[in-house]
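Worksheet for the structure shown next.
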Amino acid sequence: MEGNTRIRAHESEAQHERTADETTEETERVCPECGGRLVEDEAHGETVCSECGLVVEEDEIDHGPEWRAFDSAERDRKKRTGAPTTKMMHDKGLSSQIGWQNKDAYGNALSSRKRQQMQRLRTWDERFRTRNSKERNLKQALGEIERMASALGVPGDVRETASVIYRRALSEDLLPGRSIEGIATAALYAGIRQTGLPRSVEEVGAVSRVDEMEFKRAYRYINQELDLEIGPPNPQQYVSRFASDLDVSEETERRARELLKTAEEQAVHSGKGPVGLAGAALYAAGVLTNRKLTQDEVSEVAEVSNVTIRNRYHELMEVAENTDANTTPAATA
């Protein structure tokens, strides 16, 4: 009986201590000046009052990263303990590289003898990074994809996609008899088409080191052999870009999309170049919305001839007029 009494007394005392600690903690989270609620400003390492702005604590210790991750892939991507792996490098970014700075760990310049030694080490390090001809091939091709992608201003996801496509082509021995530059250009264009980026064949061919005919043959070849299942380009993908270059209003851009949608429903777009259709749709929309665009302006932005703009314009307007004529009696009835 006496033992039970002692246990209850001990539990009561422990409960009282926990309550006191919680009360003290709650008291500490109140502003000493105005009694407002305190919040932690993790960006500046401070604890401030949300009411009066008084800085209660500063120079706080950072007990963890400032980012949050909701799965393992995001956690690995945000870690700073090493560079993330990437398909855009032949070794996926896992190897080390000797820096180009001729300085030691203290920032002091190296002597002439040490500089020559470091240059020889860099040369051998570059040679050892590629173990065989396939890795040398891959390194050259990925460098070519990176060069063309930078010239076109495409984002990183397109470059990753193009690198994966080229790796697949290399692993399935599709390169014999074809140039590295041709397959690399075809892989980049396939990545652009898969991600829906508005870049035409002519734009990609302009930054390639091979002629456009070889690039097109290589693209058709890898598309068929790798079974990429890339559909025809949609003219609406180019509308936003051309509208921005021509500085037209949202109303004109929306009307151009409506014209293209009508043309697609009537199958007028079949067999027509998407770039020319997008340019002609904006030209026609400008006429309909009193935003006068010249054919020279549109052809310069779309990089097609005036004849193409004019022909596609007449086709789009004819389809739009026929559609309006068919829907007007029904609307009146």
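The values are calculated or read from the model by the stated rules, or taken from the named source; none is laboratory data. If you're wondering where the values come from, they're calculated on a predicted model, not measured in any experiment. Note that we place each Cβ from the backbone using ideal geometry, even for glycine, and neighbour counts take in every protein chain shown.
Things worth noting here:
- Per the conditions (1) over 30 Å from residue 97 (Cα atoms); (2) at pLDDT 65 or above; (3) among the acidic types (Asp, Glu); (4) surrounded by fewer than 10 Cβ atoms within 10 Å (Cβ to Cβ), the sole criterion not satisfied by residue 66 is (1).
The rows are residues; the columns are (1) without any contact (Cβ under 8 Å) to a residue 40 or more places away in the chain; (2) over 16 Å from residue 199 (Cα atoms); (3) exposed (fewer than 13 other Cβ atoms within 10 Å of the Cβ); (4) in the same structural domain as residue 221 (by TED's automatic domain parsing).
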| residue | (1), (2), (3), (4) |
| --- | --- |
| 109 | yes, yes, yes, no |
| 122 | yes, yes, no, no |
| 140 | no, yes, no, yes |
| 145 | no, no, no, yes |
| 148 | no, no, no, yes |
| 154 | no, no, no, yes |
| 160 | no, yes, no, yes |
| 166 | yes, yes, no, yes |
| 169 | no, yes, no, yes |
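- Condition met for residue 255 (free of Cβ contacts under 8 Å to residues at least 40 places away in the same chain, over 30 Å from residue 169 (Cβ atoms) and among the charged types (D, E, K, R)): yes
- Residue count, region 172-213 (criterion: buried (at least 18 other Cβ atoms within 10 Å of the Cβ), farther than 18 Å from residue 275 by Cβ and charged (D, E, K, R)): 1
- Total residues in region 214-236, condition of a type in the set (Gly, Ala, Ser) and either in contact (Cβ under 8 Å) with a residue 60 or more places away in the chain or assigned to a helix (DSSP H, G or I) (or both): 1
- Residues considered: 279, 273. Of these, the only one that is under 20 Å from residue 201 (Cβ atoms), at pLDDT below 85 and surrounded by 17 or more Cβ atoms within 10 Å (Cβ to Cβ) is 273.
- Those residues of region 147-188 which are outside any helix (DSSP H, G or I), under 13 Å from residue 210 (Cα atoms) and of a type in the set (Gly, Ala, Ser), in sequence order: 179
- Residue check, residue 307 surrounded by fewer than 20 Cβ atoms within 10 Å (Cβ to Cβ) and in contact with a helix residue (DSSP H, G or I) (Cβ under 6 Å, 6 or more places away or on another chain): no
- Those helices (runs of 4 or more DSSP H) lying entirely in region 237-325 with at least 1 residues over 18 Å from residue 199 (Cα atoms) and β-branched (Val, Ile, Thr): 250-265, 274-288
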